[in-house]
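The values are calculated or read from the model by the stated rules, or taken from the named source; none is laboratory data. Predicted, not measured: the structure shown is a model, and the values here were computed from it. Don't worry about glycine lacking a Cβ; one is built from the backbone with ideal geometry, like all the others, and counts go over all protein chains shown. Keep in mind that these areas ignore ligands, DNA and RNA; they rest on the heavy atoms of the full protein, side chains included. Shrake-Rupley method; radii C 1.70, N 1.55, O 1.52, S 1.80 Å.
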Amino acid sequence: MVEDTAPSQSVSQEVALSNPDAIRGVRASMFDRMHDEQTSTDWLLGPAAYGDNTFARSGQQRHRELNENDIRSGIGTGAYDEIYALINDANILVSGIEEGAFPNSAEADKLEAEGLFMRALAMHHATRIFGYDPDGQGGVVDPNSGRGQGFELGIQIKTTPTLDLENAEDTPRSTVPEVYDQIISDLQGAITIYQNLPGDVKEASPFFPSEAAAQALLARVKLYQRDWSAADTRAQNALDRAASTFGSGLAAPDSGSVRSIFDERNGNPEAIFTIKTDPQAGESPGANDALSAYTSIFFGAQLPTQSLIDLYEPGDARLAGWYDPCFDEDAGEVFSGCSEINDNGFELKKWASERNPSQFADNHPHLRVAEMVLIQAEARLNEEGVSEAIDRLNDLREARGASTLNESNFDRSSALQEILDERRRELVAEGHRYFDQKRLGRDITKVRGIDDIQFRDRAILDDFPEEELLTDDSLQSNPGY
């Protein structure tokens with residue numbers, strides 16, 4: 001990051017907080033942490049495997065422990081260190097840059113906004129792993145019986161940089177509502193900064209945080225918080241900003257356009273915020289750990305379940321665009337045993353490293369246009385009713401070549417189920433399925449003879465790493481661990 005540092009094995013606090021190159025290095029480190037296995041493959045594919053969207057084919061172990069409900073199986077426990085290291089990088093950008101470090105103060109402001117956004121992204125992911133979710137009334141959706149009843153702790157809120165071991169402090173967990181207050185404050189702060197940046201400094205690429213990305217993440221957070229009106233408004237803000245800034249909108253209703261959303265050789269037509277993976281810079285998690293290695297190349301371990309495939313109707317562009325018969329492009333041979341998981345022997349092609357299969361380097365869209373449409377459908381169901389929800393759902397279905405739904409066939413309960421089914425069809429392996437059921441207080445649906453996870457079960461919440469519990473006396477474990 002910085003040449004000729006003294007001592008050579010570290011960068012002093014004074015250099016790190018006042019040298020523009022060192023600060024930009026912290027920024028690069030923050031984004032690069034999203035390439036780790038726990039913050040890419042576990043983050044995006046893990047919730048599909050922990051629910052009912054994917055399952056391991058015979059002889060493959062990648063995410064099988066999630067399929068089979070093994071304790072401390074990896075969505076959060078393994079990711080804890082990387083998540084908080086990312087938060088610490090973000091904290092340096094938010095509050096650790098010395099005044100005057102940059103000749104152009106707008107650059108420092110932009111880095112602060114990026115830190116606020118990334119801190120909010122990491123904190124929201126962590127709190128939905130380790131805590132229950134907001135109930136929309138200032139509390140949490142917790143089970144009405146069992147060990148978790150009445151439990152409302154979320155995660156540790158850390159907003160100041162930890163620059164060395166001497167200033168590391170034990171930090172007790174905050175409640176879920178307190179964590180959400182911090183996340184919302186961060187995103188609102190980022191939006192304000194973005195809106196006031198000069199035009200030549202504002203972000204023009206979906207590969208970095210922007211106002212569109214902050215509005216989109218705030219829409220997701222408001223959906224979890226059950227603030228339906230705000231979720232709808234923020235989603236529309238994100239759609240408007242993404243359209244004007246990146247030209248983003250729903251992809252055309254054909255399989256090629258739908259597939260292009262995840263094809264690194266083309267610009268993502270639905271992009272709002274994407275983690276770019278440069279194979280030449282060594283950013284791929286690698287052959288053992290990358291999303292493509294788990295789903296379509298090399299291991300081909302996690303395959304779409306029959307219950308997921310059955311949700312698509314003939315002619316749906318997603319069925320042709322995101323699924324192909326199992327085949328390992330890197331090895332040039334067909335995977336065995338795929339038809340045991342689904343009748344067609346399909347693999348999921350969202351993650352296929354199209355630039356070069358042997359590089360295992362997918363870009364990772366974390367926020368895109370279709371999710372905002374789905375957020376609006378669910379928000380409008382709760383705020384305005386069935387007709388408005390189905391109308392918005394049909395906007396997405398039309399863009400996917402699927403049939404139009406008739407609102408007269410739905411009541412509120414069946415409309416919500418249709419929205420959740422559409423989220424399965426659309427957002428598979430993008431980090432949602434497990435959390436969609438959990439945030440609604442539902443049991444986690446499993447497949448292939450595996451017992452569903454009851455909402456009152458301790459497995460609904462992952463637990464903190466044992467070494468963290470041993471070294472931080474203020475850190476309380478989750479119920480039942």
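Using the per-residue mean of other Cβ atoms lying within 10 Å as a proxy for protection, in what order, highest first, do the peptides 402-415, 456-469, 109-122, 347-360 fall?
109-122, 347-360, 456-469, 402-415
Which ³J(HN,Hα) values, rounded to whole Hz and listed in residue order, are derived for the range 30-43 from phi using the Karplus coefficients 6.51, -1.76 and 1.60 in 6.51 cos²θ - 1.76 cosθ + 1.60 with θ = phi - 60°, glycine and proline given as x?
Calculated HN-Hα couplings, in order: 4, 6, 5, 5, 7, 9, 5, 3, 5, 9, 10, 5, 5, 5 Hz.
How large is ³J(HN,Hα), in whole Hz, for each residue of the range 309-317 in order, when computed from phi with the Karplus curve 6.51 cos²θ - 1.76 cosθ + 1.60 and θ = phi - 60°, using x for Gly and Pro?
Computed from phi, the couplings for the range 309-317 are 4, 5, 6, 8, 9, x, x, 5, 4 Hz.
Tell me the carbon and sulfur percent of the accessible area for the range 52-124, rounded to whole percent, probe radius 1.4 Å.
40 percent
Using Cα pairs closer than 8 Å and at least 6 residues apart in sequence, work out the relative contact order for the range 434-473, in percent. Please report the intermediate quantities before stating the final value.
Numbers: 24 pairs, mean separation 9.8, N = 40.
Once normalised by length, the contact order is 24 percent.
At 7 Å along the Cα-to-beta-carbon direction for both Ala252 and Ser387, put a label point, then send me their distance in nm to one decimal.
Result for the modelled spin labels: 3.4 nm.
Provide the net charge surrounding Pro314, with neighbours chosen by a C-beta distance below 15 Å and charges set as Lys +1, Arg +1, Asp -1, Glu -1. It would help to have the intermediate numbers written out before the result.
Details: positive: Arg318, Arg397, Arg400, Arg425; negative: Asp254, Asp310, Glu313, Asp316, Asp343.
My count for the surroundings of Pro314 gives -1.
Give me the accessible area per residue for the chain, probe 1.4 Å, as a whole number in Å².
Working: 18100 Å² over 481 residues.
It amounts to 38 Å² per residue over the chain.
Mind putting a number on the dipole of the range 256-337 about its Cα centre? Charges go on the C-beta only, +1 for Lys and Arg and -1 for Asp and Glu, and I need it in Debye to the nearest 20.
Charge dipole, the range 256-337, about its Cα centre: 160 debye, nearest 20.
For the range 125-245, what % of the accessible area comes from carbon and sulfur atoms, probe 1.4 Å?
Whole-percent figure for carbon plus sulfur exposure: 44.
Going by alpha carbons, how many degrees (0 to 90, nearest 10) lie between the helix axis of 228-246 and the longest principal axis of the chain?
Result, in degrees: 80.
Order Arg265, Arg234 by their accessible area, 1.4 angstrom probe, all chains in place, largest first.
Sorted descending by solvent-accessible area, the residues read Arg265, Arg234.
To the nearest 10 degrees, how steep is helix 105-130 against the longest Cα principal axis of the chain, on a 0 to 90 scale?
In the chain, helix 105-130 runs at an angle near 50 degrees to the longest axis.
Going by amide H atoms built from the backbone, whose H comes under 5 Å of the H on His366, apart from near neighbours?
Amide H neighbours of His366, under 5 Å, 5+ apart: Phe273, Thr274, Ile275.
Could you compute the net charge surrounding Leu393? Neighbours are other residues with a C-beta less than 12 Å from the C-beta of Leu393; K and R count +1, D and E count -1.
-4
Work through the residues other than Glu112 whose Cβ is under 11 Å from its Cβ and net out their charges, Lys, Arg +1 and Asp, Glu -1.
Neighbourhood net charge equals -1.
Determine ³J(HN,Hα), in whole Hz, for all residues of the range 432-444 in sequence, where each value follows from phi through the Karplus function 6.51 cos²θ - 1.76 cosθ + 1.60 and θ = phi - 60°; x replaces Gly and Pro.
Those phi angles translate into 10, 4, 4, 6, 5, 6, 5, 5, 9, x, 9, 5, 8 Hz.
How big is the shadow of the Cα convex hull of the range 226-303, averaged over all directions, in nm²?
Average projection, Cα convex hull of the range 226-303: 7.8 nm².
On a 0 to 90 degree scale, rounded to 10, what angle separates helix 80-95 from the longest Cα axis of the chain?
Taking Cα atoms only, the helix is inclined about 50 degrees.
Of Gln38, Gly100, Ala56, whose Cα points farthest to the positive end of the dipole of the chain (charges on the beta-carbon: +1 Lys, Arg; -1 Asp, Glu; origin at the Cα centre)?
In the chain, that residue is Ala56.
Take Ser229 and Asp343, extend 7 Å from each Cα along the Cα→Cβ direction, and tell me the distance between the two endpoints in nm.
Inter-label distance under the simple model: 4.7 nm.
Can you give me the long-range amide H partners of Phe55? Hydrogens built in the peptide plane at 1.01 Å from N, cutoff under 5 Å, separation of 5 or more residues or another chain.
HN-HN under 5 Å from Phe55: Leu303, Thr305.
Return the distance in nm (one decimal) between the two label points of a simple spin-label model at Gln188 and Thr471, each offset 7 Å from Cα along Cα→Cβ.
Here the answer is 3.5 nm between the modelled labels.
May I ask you to derive the relative contact order of the chain, considering only C-alpha pairs under 8 Å and at least 6 residues apart, and to give it as an integer percent?
About 20 percent, as a whole number.
Relative to the present Cα-Cα distance, how much length would full extension add between Asp70 and Glu98 at 0.36 nm per residue of separation?
Gain on extension, Asp70 to Glu98, equals 5.5 nm.
Pop out the carbon and sulfur fraction of the accessible area of the range 302-365 as a percent, whole number, probe 1.4 Å.
Roughly 48 percent, rounded to a whole number.
May I ask you to list the residues of the range 420-461 whose amide nitrogen lies under 14 Å from a point 7 Å from Cα along the Cα→beta-carbon direction of Asn144?
Counting backbone N atoms under 14 Å from the label point, the list is 441-443, 455-456.
Take the alpha-carbon centre of the range 30-84, take the same for the range 232-301, and report the distance between them in whole Å.
If you average the Cα positions of each part, the centres end up 19 Å apart.
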